[in-house]
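Remarks on the structure that follows.
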Amino acid sequence: MYKDNIGSLDNRIAGFWRRVFAYTTDLIIIQTLYAILLVIGYLAASFGITDTNTFFSSDLAIKLAISFFLIYFPLFIVYFTTFCFIGGQTPGKMIFRIKVVSRDGCDINLGSSIVRSFGYFASSLFFGMGFLIALLNRRRRTLHDLLSGSYVIRTRPPSPFINHNEGVGDRGHGTILASSLLLSFLIIFPARFSSGEIVDQVIAVVNNEVISLSDLKRYISFYSILNKGISLDNALIAALQGLIDERLILTEASRFGIEEPTEGEIKEETKKLEEGIKGQNGANEKLSWHGLEPDDLYTLSRNRLIIERFIDQRINLFILISPEDIDSYLKKNKKEFTGISREEARLKVGRILTEERSREKIRELKARLRAKADIRINSEG
């Protein structure tokens, strides 16, 4: 190894703008690879939807944000580390005929390559000041160059007469190996990420809002508990239709600006549900047995309150039961009201007719919402 051989290469120090163009090229390549991985992940997440129209949801947006940190950053680090360690040249540097070397003019070691890759983020801070300091020193060294002890020089055209003992590019012909390693990373890492991240199956999409398998399981579990343990295993389709209707009504309630229930109201409703299940301790045990969390019960309570408010304000408020309707019902069902006063009977009939009309209006509402909704059901779910 040569000590401080960089002085003999001063006439080959890469210029600032050549480095900028090379780095920009590498970023384009990385971001293209990242975009391809996102498309693959998106197609995997939406696989099986019967309608191929594009959809988007807040849940998907969160997953995409997470994927940025779980895929883009590792991709960036592996890309620059691998190419700089084995050959000293990324594809961008190859195009602009520059390469990374150590102080002795040889390829930098693995440790320096890793430090240099992470150093790019440090150089990006404060409006890229770490890059701009290259304009202030003779050898055009950026912050990540200084941190890793590296230099960037211009390469010479390949020639059979080059003396490799000169120190420039001990591993220059390892670029093919670097490409192989990077390709292996691109194949293996996304596969591992997908197996760990895409664990929930998309069952349906309602107006761009995803209904997952876990959503359906929670829905079934809740109503199985509330109906005294009646199993809904054989009624998955009916349960899914009920969950779709719930989502549609919640969306409609939001459109009409139905007021959100207060924290106290939600807790009170949650308490009622817990008591209906079997007391506080019994509720927790039963929820746990069904794989549910207290937060799930909180969400159910909130949704129930919003739907009840919507029905009261947009349906029940407009239901009018005339005295003639009540008299007609009493006349047809006299035996049901024996032993009570006529006034009590009329009040009871009023409630019965209101509930019947309400159910009828709700069915009409669901049919109307479904008619104009974009509903896609996973046929393989």
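Only the coordinates and a few stated rules stand behind these numbers; no lab work does. Everything quoted here is computed from the prediction, not taken from an experiment. Cβ coordinates were reconstructed from backbone atoms using ideal geometry, including for glycine residues, and neighbour counts include every protein chain displayed.
Can you put F83, F16, F256 in order, fewest other beta carbons within 10 Å first?
Going from sparsest to densest Cβ surroundings: F256, F16, F83.
If each residue's Cβ is checked for other Cβ atoms within 10 Å, how do F80, F127, F121 rank with the fewest at the top?
So the ranking, lowest neighbour count to highest, is F127, F121, F80.
When the label point is put 7 Å from the Cα of R342 along its Cα-to-beta-carbon vector, which residues of segment 293-327 have a backbone N closer than 17 Å?
In segment 293-327, the label zone of R342 (backbone N under 17 Å from the point 7 Å along Cα→Cβ) covers 323-327.
Considering only Cα-Cα distances, which of the following residue pairs are longer than 31 Å: K217/K361; K272/K335; K272/K332; K271/K331; K271/K372; K272/K372? Walk me through the intermediate numbers first.
Values: K217/K361 28 Å; K272/K335 34 Å; K272/K332 37 Å; K271/K331 41 Å; K271/K372 36 Å; K272/K372 35 Å.
Result: K272/K335; K272/K332; K271/K331; K271/K372; K272/K372 exceed 31 Å.
Please order I311, I40, I237 by the number of other Cβ within 10 Å, starting at the fewest.
By the 10 Å Cβ count, ascending: I237, I40, I311.
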